[in-house]
Each structure stands twice: as structure tokens, then as C-alpha cells.
1. Among residues belonging to region B:35-50 that are touching a Pro at 6+ places or on another chain (Cβ under 9 Å) and facing chain A (nearest Cβ under 10 Å), point out the one that is surrounded by the fewest Cβ atoms within 10 Å (Cβ to Cβ).
2. Just give me the residues in region A:87-115 being among the hydroxyl-bearing types (Ser, Thr, Tyr), modelled with pLDDT of 95 or more and either part of a loop (DSSP other than H, G, I, E, B) or buried (at least 21 other Cβ atoms within 10 Å of the Cβ) (or both), in sequence order.
3. At pLDDT 95 or above, more than 12 Å from chain B (Cβ to nearest Cβ) and more than 18 Å from B:Gln42 (Cα to Cα): is that true of A:Ser82 in this structure?
4. Just wondering, is there one or more residues in region B:7-22 that are open to solvent by less than 20 Å² (accessible area, probe 1.4 Å), in contact with a Gly (Cβ under 8 Å, 6 or more places away or on another chain) and either within 14 Å of chain A (Cβ to nearest Cβ) or more than 30 Å from A:Pro25 (Cα to Cα) (or both)?
5. Would you pick out the residues in region A:76-86 that are surrounded by 15 or more Cβ atoms within 10 Å (Cβ to Cβ) and either out of contact with any strand residue (DSSP E or B) (no Cβ under 9 Å at 6 or more places or on another chain) or not in a strand (DSSP E or B) (or both)?
6. So in region B:68-83, with the set limited to residues that are in a strand (DSSP E or B) and open to solvent by 60 Å² or more (accessible area, probe 1.4 Å), which one is farthest from A:Ile5 (Cα to Cα)?
7. Restricting attention to region B:26-34, does a residue exist that is closer than 25 Å to A:Gln6 by Cα and within 11 Å of chain A (Cβ to nearest Cβ)?
8. Could you tell me which residue of region B:61-112 is farthest from the other protein chains (Cβ to nearest Cβ), considering only residues that are aliphatic (A, V, I, L, M) and either over 15 Å from the mean Cα position of the chain (by Cα) or closer than 19 Å to A:Ser95 by Cα (or both)?
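The values are calculated or read from the model by the stated rules, or taken from the named source; none is laboratory data. A quick note: this is a predicted structure, and the numbers were derived from the prediction, not measured. Every residue, glycine among them, receives a Cβ derived from its backbone with ideal geometry; neighbour counts consider all protein chains shown. The protein model used for the area step is the full one, side chains on, heavy atoms only, and it has no ligands, DNA or RNA in it. Shrake-Rupley method; radii C 1.70, N 1.55, O 1.52, S 1.80 Å.
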Amino acid sequence: DAGVIQSPRHEVTEMGQEVTLRCKPISGHDYLFWYRQTMMRGLELLIYFNNNVPIDDSGMPEDRFSAKMPNASFSTLKIQPSEPRDSAVYFCASSPEGLALNEQFFGPGTRLTVL
Amino acid sequence: AQSVTQPDIHITVSEGASLELRCNYSYGATPYLFWYVQSPGQGLQLLLKYFSGDTLVQGIKGFEAEFKRSQSSFNLRKPSVHWSDAAEYFCAVVEHYDKVIFGPGTSLSVIP
């Protein structure tokens, strides 16, 4: 398996633009997680899905952020409109059923810069 | 809510020296604990995990960690550090069986 795939790897955009980050989890994994990593706040869980259903989105910072998982092999994280404070590295991770007993497999991340 | 603290923001060790990275957690019941490593420009990779049983767990890359309930700690150790171990290390605890809480991380530098 190729592991968790994220695209794009780098994104530079201007304030006010819409940004869409994409993730393909490992086949057969039931859980998908979106994280944001910054120097100030560390690694934050934004939202996670189980079997394509959003379970906990309490980490989504505000309504400008939205996430979808239309099928088991694809998820998106959208920011609209983007702001400079959204600049961060965004990670997608997936895990087999039973998170408490299984590791998360992380993608390489998308480095987002909002000017 | 559970929390994870890593008291050391940054540690520098010489190659070949021993290493111990500290992790403390707050949780009432038996925790599920993990250590992850993040190399520069990469995602996180699992080093080891503790669920129950033997309190000393072995992981990949020669790392081990010891769970001490009395101290609420899960410290990571390695007897001899290699230059390739320079990375960011995250301790994590599972909350409510579905959510992993990560600590702030410890950055490790290795001097040749």
C-alpha cells in the first residue's frame, strides 16, 4: 500500500481565497483524522470520521473550515475564506477499526501558506 | 479531559549518549499511551505503544518506554543515540477510545 496520500504538498494562496486539501486514506482503514500543526499550538485534532461519518468536529476552529468524506477512499478539508492565521501544516491520518488499540498512519502533510 | 505534558521543549545529546524523554499524563483509568516520532518534513510515525501488561515496552529503532502508574509517566529511552534520531517526539494518550491527545512535543538535536 502507498500509505496515506495528501495533496497538494504545498499550497500558497492569498487571503480570502478558498483552499481545498485532499486526502486518500489507507485502504481498509475505518478512521480518518485531520490535524493541524503550528509552532504555537502544536498538533491539534480538527475532525475525525468513522466509516465516512464525522464523529467529532469540536476541533474545527470556526465555520470557515469544513470537511467531507464522500467515500471510504477520499476526504477533503476546505477553508473558505482563508486567512493568514490558517497558515500551518495540515496532516491527514487513518487508522484501522479500534483506534485505542491501533496506531494512526500519517500522511506527509500539506504545508499551507496564506499571504 | 485528559492531558499530556512533555516538560522538555528541546534536548541536545551527543551521538552515542543515552536518551530519556519525559512524558506525564492525566487520566483516571488505565491509559493507552503512545510515542510517535516526526522527522523533518514528514508525518508522524509510531515508535511504540502501551495498553496493558509489562510496563516496559519495546519499540522500533531501538527505543523503549516504561509506564509508571505511580508517577503518571511514560518516559521514552534509548541507550545510544544515533544522528538519525534527531527529530520531534510526541507522547500521546487515547481519550474515549476514539480520540488521541498529543503532547506538545520534544525536539531532539544530536551532536556528532
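1. Selected residue: B:Gly41.
2. Hits for region A:87-115 are A:Ser87, A:Tyr90, A:Thr110.
3. yes
4. no
5. A:Ser82, A:Asp86
6. Among those residues, the one meeting the criterion is B:Lys68.
7. yes
8. By that ranking, first place goes to B:Ile111.
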